[in-house]
Each structure stands twice: as structure tokens, then as C-alpha cells.
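Just below is one structure, and these are the notes that go with it.
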Amino acid sequence: MLNYMKSELYRAGHSAEIRGTAIGLLGLILFMNLILSIMSGLPHFHYGITSFSYSMLVSMPMLYCYVAGDVAVMLYESDKRNGTLGNSIAYGISRTRIFFGKCIVTFLTSLFLLLLALPAYILSAVLLLEEAGPTVVWDMLAEVPAVSLIATAALILANILLELFDNSFFSVLAWLAVLVIVPKILLLAGMGMSSGSEFLLDVAMWMPANFLSAGMQVNMSQCITVWDTAEGMAKCLLSGAAGILAFGAAGVLLLRKRDLV
């Protein structure tokens with residue numbers, strides 16, 4: 001198991017897709033803040049400030065989930081095609097252990113990208129833009145622990161679906177359905193039903209895609225986030241922990257059945 005993880009970490013470190021993503025993230029961050037800085041010299045342009053730059057990330061907490069899911073796809077969508085999965089199983093590693101190994105490697109790779117991009121984001125904003133506005137660097141930093149467990153649950157789900165589906169396209173569709181589409185359908189159903197709607201609405205509002213958007217008011221005049229309060233932060237952490245347990249347990253059960261076949 002340890003040797004498998006070492007080899008997967010080595011593969012991730014030498015992945016052209018991961019390197020390209022790291023370079024792309026850094027380039028996009030620097031380009032965005034540089035453009036804001038250049039345009040701040042124009043009359044009536046009010047967006048060349050740190051608050052606007054920070055708010056672009058703070059207002060989209062689900063972005064962390066999308067990046068984590070994308071890392072899983074970049075690392076493992078081709079495992080079945082190139083025989084990597086079959087070789088690992090033939091070597092005597094169970095599907096369950098492979099699954100946990102993939103989740104750990106995906107998490108560490110995503111963490112590396114975050115530790116690379118976040119300081120570059122903050123540093124470039126501080127150096128290039130005027131420090132002003134309601135959204136401050138603390139709002140960005142507090143967002144990380146708030147969405148960390150939710151993003152971890154998202155990458156676990158991505159690894160499960162990549163294992164279950166032979167076609168990565170269907171894996172991505174199923175991932176979006178579970179994390180985004182189904183929560184929105186439940187929310188609309190809870191808001192529209194005449195009976196039993198309160199319970200359904202309560203369930204829907206514990207799903208990150210719903211409560212992270214409903215509890216956010218981040219713009220040029222104010223910055224109100226879900227994680228501003230202890231209750232909001234607790235909801236983020238509990239929702240993420242529930243997702244980790246649910247998706248992790250589902251992965252173990254499904255993959256154990258495959259090992260027995």
C-alpha cells in the first residue's frame with residue numbers, strides 16, 4: 001500500500017496535466033490582478049482594488065470542489081485504459097486500498113496546488129492593487145478551512161465514480177449530478193411542495209451547493225459569508241464530514257463487492 005502511494009505521488013509529481021494546471025493557475029492569477037492594476041488608471045474604473053480581487057474567489061466556494069474533482073480526473077481517468085488499475089490489482093492490492101490510496105494522493109496533489117496558488121493570489125493582489133473594500137484577505141483564508149472537508153468529499157466522490165464508470169465523461173456527469181444538480185432539484189422541490197416541503201427544504205439546505213450560495217452576499221459594498229459565524233462554519237464542517245463518511249462508505253462497499261466478483 002505504501003509503495004503504491006509512493007509510486008502514485010511520483011506519477012502525480014511528473015504529470016504534465018498537473019504541471020500545466022499549476023502553471024495555468026499561477027498565470028491566470030497574475031494576469032487577472034495585473035489587468036485590474038492596469039485598468040485602475042482608467043476613469044470610473046472602481047475594480048482595481050484588493051477587495052474585488054479577493055471577492056472573485058470568496059464568492060465561489062464551490063470552486064474548490066471543482067478543482068479537487070478535476071485533479072482526480074487528471075490523475076486517474078486513464079487508469080483503466082492504460083492498464084494501471086489492472087496491474088495494481090494483479091500485484092495483490094485490493095480495490096479498496098487502491099481507492100484510499102487514490103483519495104490520499106488526490107488530496108495531497110490538490111493541497112499542493114492550493115499552497116502554490118493562494119500565496120500567489122494574495123501577494124500579487126497586495127503588490128499590484130490598492131488595499132480597499134469590504135472583502136479582506138482574512139475572508140479568503142477563512143474560506144479554506146470552511147470548504148476543506150467539502151472539497152475532500154468531492155474528490156472522494158470523483159474517485160469512486162471514475163472507478164465505477166468506464167467512460168470518464170459519464171463519471172463527470174454523475175459527479176455534477178450528485179454535487180450540484182440533485183441538490184438544486186431538491187431545493188426547488190422543497191420550495192414548491194405544499195406538503196412535506198419543510199423537511200425537504202431542510203435537507204436541501206444542508207447540501208453545500210445550496211447553503212454556500214444562499215448564505216453569501218459578496219460584492220463591492222459588503223462581504224457576508226457562510227463561515228463568518230460559528231454556526232455557519234460548523235455547518236460547513238459538518239456537511240463536509242458527512243459527505244466524506246457517506247462517499248467513503250459507499251466507495252468501500254461498492255469496491256469490496258467488485259473484489260469478491
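The values are calculated or read from the model by the stated rules, or taken from the named source; none is laboratory data. Just so it is clear, the model here is predicted, and its values are computed rather than measured. As a convention, Cβ positions derive from the backbone with ideal geometry for all residues, glycine included, and neighbour counts pool all protein chains shown. For accessibility, only protein heavy atoms count, side chains too; no ligands or nucleic acids. Shrake-Rupley method; radii C 1.70, N 1.55, O 1.52, S 1.80 Å.
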### Query
From the Cα gyration tensor of segment 1-49, with a ≥ b ≥ c the square roots of its eigenvalues, which class applies: rounded if a/c is under 1.5, or else prolate if a/b is larger than b/c, or else oblate?
prolate
#### Entry: Translational diffusion of segment 117-208, µm² s⁻¹ [Kirkwood Rh, Cα pairs; Stokes-Einstein; 37 °C; 0.692 mPa s]
200 µm²/s
### Message
Could you check the spin-label model distance between Ser15 and Trp138? Points 7 Å from the Cα along Cα→Cβ, value in nm.
### Response
3.6 nm
## Note on the structure
Sorted list, accessible surface of protein heavy atoms, 1.4 Å probe, largest first, for Lys235, Lys102, Lys257 is Lys257, Lys235, Lys102
#### Entry: Rg ratio (alpha-carbon, reference 2.2 N^0.38 Å) - segment 106-261
1.23
## Note on the structure
Computed over the chain, protein heavy atoms only, probe 1.4 angstrom, the accessible area per residue in square angstrom equals 53 Å²
### Task
Measure nothing fancy, just the Cα-based angle from helix 230-260's long axis to the longest principal axis of the chain, in degrees from 0 to 90, nearest 10.
20 degrees
### Query
Percentage of Cα-Cα pair distances in the chain greater than 26 Å, rounded to whole percent?
48 percent
### Message
Can you give me the C-alpha center-to-center distance between segment 145-168 and segment 104-120, rounded to a whole angstrom?
### Response
15 Å
#### Entry: Lysine pairs meeting the criterion (Cα under 30 Å, 8 or more apart or interchain), as found in the chain
9
### Message
Probe radius 1.4 Å, ligands and nucleic acids ignored: give me the carbon and sulfur share of the accessible area of the chain as a rounded percent.
### Response
71 percent
### Query
Over the heavy atoms of Trp227, what accessible area does a 1.4 Å probe trace out, to the nearest 10 Å²?
10 Å²
### Task
With a 1.4 Å probe and all protein chains in place, put Ile98, Ile122, Ile35, Ile185 in order of accessible area, largest first.
Ile185, Ile35, Ile122, Ile98
